[in-house]
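Peer 1: Attaching a single structure in structure tokens format; questions to follow.
The values are calculated or read from the model by the stated rules, or taken from the named source; none is laboratory data. Every value quoted in this text rests on a predicted model; they were computed, and no experiment measured them. Methodologically, a virtual Cβ is constructed for each residue, glycine included, from the backbone with ideal geometry; neighbour enumeration extends over all protein chains shown. When the accessible area is computed, the model is the full protein with side chains, heavy atoms only, and any ligands, DNA or RNA have been set aside. Shrake-Rupley method; radii C 1.70, N 1.55, O 1.52, S 1.80 Å.
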Amino acid sequence: MHIAIITAGGAGMFCGSCMHDNTWARALMQAGHEVSLIPTYTPIRVDEHNESSDRVFVGGINVYLNSKSGLWRGLPRFMKSWLDRPSVIQILTKRAISNDASELGELALSMLSGDSGPHRAAFEELDRYVSDSLKPDVVIFSNALLSGAVRQLKERFSGPILCVLQGDDVFLDGLNEKYRQQVISEVSQRAQDFDGFLTHSQFYRDYMSKYLNLPVEKFSVLPLGIDFTGHYGLPKLRQPAPYTIGYFARVAPEKGVHHLVNGFVELRRIIPDAQLKVGGFLGPQFQKYLNDAFASAGEHASAIEYIGSPQTHKEKVEFLNSVDVLSVPTEFLEPKGIYVLEALANGVPVVQPRHGSFPEIIEATEGGLLVTPKDPAALAEGLAELHESSRRIKFAKRGWEQVRSAYSPEAMAARTTEILEQAMSTKSE
């Protein structure tokens with residue numbers, strides 16, 4: 001079948017959702033499907049081969065200006081289209097557009113207003129391209145915040161239209177209180193236009209069904225998948241080296257660097273020479289947060305290092321292979337956890353909070369330990385338990401093996417095919 005996946009770029013940073021969508025698209029292609037991966041807002045940024053088209057729809061700069069200026073909104077399309085060129089967006093979004101949810105409430109409402117709002121022309125352009133040029137069998141949107149485009153699309157396209165929910169609540173919960181409830185209500189209403197929903201865990205299926213007041217029977221669970229190409233790490237003991245804890249994710253309060261630092265301080269009382277290496281994208285708005293988190297370690301701060309954001313897949317794998325254990329003790333209920341799969345794929349066991357998608361991943365892979373969330377002593381105890389080399393290698397081997405069977409691209413593509421065939425059958429009845 002021909003599958004159109006409408007994804008959303010991360011404004012220049014490595015975005016877990018668009019990276020997953022890229023891997024997903026390639027897995028479906030390798031399974032024999034035709035896939036069109038269509039970026040919106042900004043081009044996607046990935047550390048593997050980019051499968052997306054080189055045309056960006058609903059470009060972020062024009063979205064911002066259309067929502068702010070009636071004069072700009074009234075200009076002919078040919079006078080504004082140059083701002084949707086990927087090269088222009090990549091330059092300007094470094095300064096002009098924020099991806100901080102707390103600042104984006106008004107903009108989110110304008111996007112959700114759909115065919116009656118300031119982005120009607122942009123949505124029409126996307127809808128025409130999908131329905132008239134691509135003519136796919138199924139359309140999948142990568143998040144519910146794009147649902148403003150669906151009603152217009154359904155006037156042209158008769159096939160099933162699905163939505164992947166993979167962190168929408170994190171964005172919505174982060175909105176300014178002035179807008180939060182109104183935006184959640186609008187998303188809930190607009191989401192009724194979708195024919196079905198995909199989540200990457202049973203936990204998130206149940207959570208988002210209640211969060212957006214959507215019938216749980218319209219949900220299907222599609223396990224994550226990662227491409228194991230380039231993940232060369234094997235379960236091993238790094239010798240000689242101090243026990244090193246790794247963090248690899250976007251650096252932000254909800255990802256829990258501060259919880260890891262607090263746990264690390266407790267760990268140093270048990271293992272005095274332990275080290276902590278933090279890697280991942282750091283937006284300027286969170287520089288002070290990271291500085292304060294490191295400073296809170298006091299005399300142990302000298303054992304903590306921020307290594308920056310690896311720019312290539314090879315650099316990411318090298319980082320993972322430089323640590324003994326990975327931990328990303330999220331504040332929020334993580335719907336995905338791709339970084340856990342990548343650590344396990346390189347023979348690095350994990351210690352994660354017992355919430356969100358993590359219990360399902362650990363149950364499927366047996367690649368680590370679960371601890372009480374937001375509890376420094378519990379986190380330190382879990383990290384200390386994996387200091388014992390034979391126990392650490394046991395978890396590493398299990399995780400390395402099981403992640404390759406439970407979360408392979410082939411398994412993800414096969415499950416997707418089942419879901420989409422069912423969606424097409426239901427739609428045709």
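Peer 1: Between Ile419, Ile270, Ile304, where does the largest GNM mean-square fluctuation fall for the chain, given springs only between Cα atoms within less than 10 Å?
Peer 2: Between Ile419, Ile270, Ile304, it is Ile270 that shows the largest mean-square fluctuation.
Peer 1: Which helices, taking whole DSSP H runs in the chain, have alpha carbons extending 30 angstrom or more along the helix axis plus mean Kyte-Doolittle at least 1.0?
Peer 2: Values: long enough: none.
Going by DSSP H runs, there are no hits.
Peer 1: Same structure again: Under a GNM of the chain (C-alpha, springs under 10 Å), which listed residue has the highest mean-square fluctuation: Ser69, Ser113, Ser220?
Peer 2: Ser69
Peer 1: Here's a follow-up. Going 7 Å from the Cα of Phe228 toward and past its Cβ, which residues in the stretch 401-429 have a backbone nitrogen under 16 Å from where you end up?
Peer 2: From the stretch 401-429, the list is 401-414.
Peer 1: Quick check: pseudo-label points 7 Å beyond the Cα along Cα→Cβ at Glu299 and His2, how many nm apart are they?
Peer 2: Simple spin-label model gives 6.8 nm for this pair.
Peer 1: Across the stretch 19-177, how large is the tail of the calculated P(r) beyond 23 Å, expressed as a percent of all Cα pairs?
Peer 2: Working: 4888 of 12561 pairs.
Cα-Cα pairs of the stretch 19-177 separated by over 23 Å account for 39 percent.
Peer 1: Need one number: % antiparallel among DSSP beta bridges in the chain, to the nearest 5. Present the calculation step by step, with values, prior to reporting the outcome.
Peer 2: On the way: 0 of 40 bridges.
In the chain, approximately 0 percent of DSSP beta bridges are antiparallel ones.
Peer 1: Per residue, how much accessible area does the stretch 171-246 have with a 1.4 Å probe, in Å²?
Peer 2: Using a 1.4 Å probe on heavy atoms only, each residue of the stretch 171-246 averages 48 Å².
Peer 1: Pop out the carbon and sulfur fraction of the accessible area of the stretch 229-338 as a percent, whole number, probe 1.4 Å.
Peer 2: Details: 2550 of 4560 Å².
Here carbon and sulfur together make up 56 percent of the probe-accessible area.
Peer 1: Further, regarding this structure: I'd like the accessible area for Arg77, computed on protein heavy atoms only with a 1.4 Å probe and all protein chains in place. Round to 10 Å², please.
Peer 2: 90 Å²
Peer 1: Report, by chain and number, residues whose modeled amide H sits under 5 Å from the one on Phe248, excluding near sequence neighbours (fewer than 5 apart, same chain).
Peer 2: Here the answer is Gly279, Ser327, since their amide H atoms fall under 5 Å of that of Phe248.
Peer 1: Put one equal scatterer on each alpha carbon of the stretch 192-287, apply the Debye formula with no solvent term, and list log10 I(q)/I(0) at q = 0.25 1/Å to two decimals.
Peer 2: The Cα Debye sum returns log10 ratios of -1.17.
Peer 1: Please give every one of the lysines within straight-line cross-link reach of Lys135, meaning a C-alpha to C-alpha distance under 18 Å, and leave out same-chain neighbours fewer than 8 residues apart.
Peer 2: By straight Cα distance, Lys135 reaches Lys154, Lys427.
Peer 1: Would you tell me the accessible area of Leu333, worked out with a 1.4 angstrom probe on the heavy atoms of the protein chains, in Å² to the nearest 10?
Peer 2: So the heavy atoms of Leu333 present about 60 Å² to solvent.
Peer 1: Another question, then. Per DSSP helix of 4 or more residues, -39500 (n - 2.57); summed, then divided by the residues of the chain. What does that give at 222 nm, rounded to the nearest 500? Provide the component values of the computation, followed by the final result.
Peer 2: Working: 19 runs with 189 residues, N = 429.
Estimated from H runs of four or more residues: -13000 deg cm²/dmol.
Peer 1: Here is a further query. Between Gln287 and Glu48, what length comes free when the chain is fully extended (0.36 nm per residue of separation minus the Cα-Cα distance, one decimal in nm)?
Peer 2: Numbers: separation 239, 0.36 × 239 = 86.04 nm, distance 2.73 nm.
In short, 83.3 nm is gained.
Peer 1: Which of Gly399, Gly233, Gly225 moves the most in a Gaussian network model of the chain with Cα springs under 10 Å?
Peer 2: Gly233
Peer 1: As a quick test, which of the pairs Lys210/Lys397; Lys277/Lys394; Lys255/Lys314 have an alpha carbon distance above 30 angstrom in this structure? Mind dumping the intermediate values first?
Peer 2: Values: Lys210/Lys397 37 Å; Lys277/Lys394 23 Å; Lys255/Lys314 23 Å.
With Cα atoms farther than 30 Å apart: Lys210/Lys397.
Peer 1: Compute the orientation-averaged projected area for the stretch 221-268 from the convex hull of its Cα atoms and round it to one decimal in nm².
Peer 2: Details: hull surface 23.9 nm².
For the Cα atoms of the stretch 221-268, the hull's average projected area reads 6.0 nm².
Peer 1: Amide H to amide H, which residues 5 or more places from Ile140 or on other chains are under 5 Å from it, using H placed in the peptide plane?
Peer 2: Sorted by chain and number, the residues that satisfy this are Ala4, Ile5, Ile6, Leu162.
Peer 1: Once Cα extents along the principal axes in Å is worked out from the coordinates, which option in (i) 55, 42, 37; (ii) 64, 44, 37; (iii) 63, 53, 40 does it equal?
Peer 2: Read-out taken from this structure: (ii).
Peer 1: Under 1.5 on a/c is rounded, so check that first for the stretch 286-415, then, if it is not, pick prolate when a/b is larger than b/c and oblate when it is not; a ≥ b ≥ c are the square roots of the alpha carbon gyration tensor eigenvalues. Each step should come with its number before you reach the end.
Peer 2: Working: a/c = 1.60, a/b = 1.44, b/c = 1.11.
Prolate shape, in that a/c is at least 1.5 and a/b is the bigger ratio.
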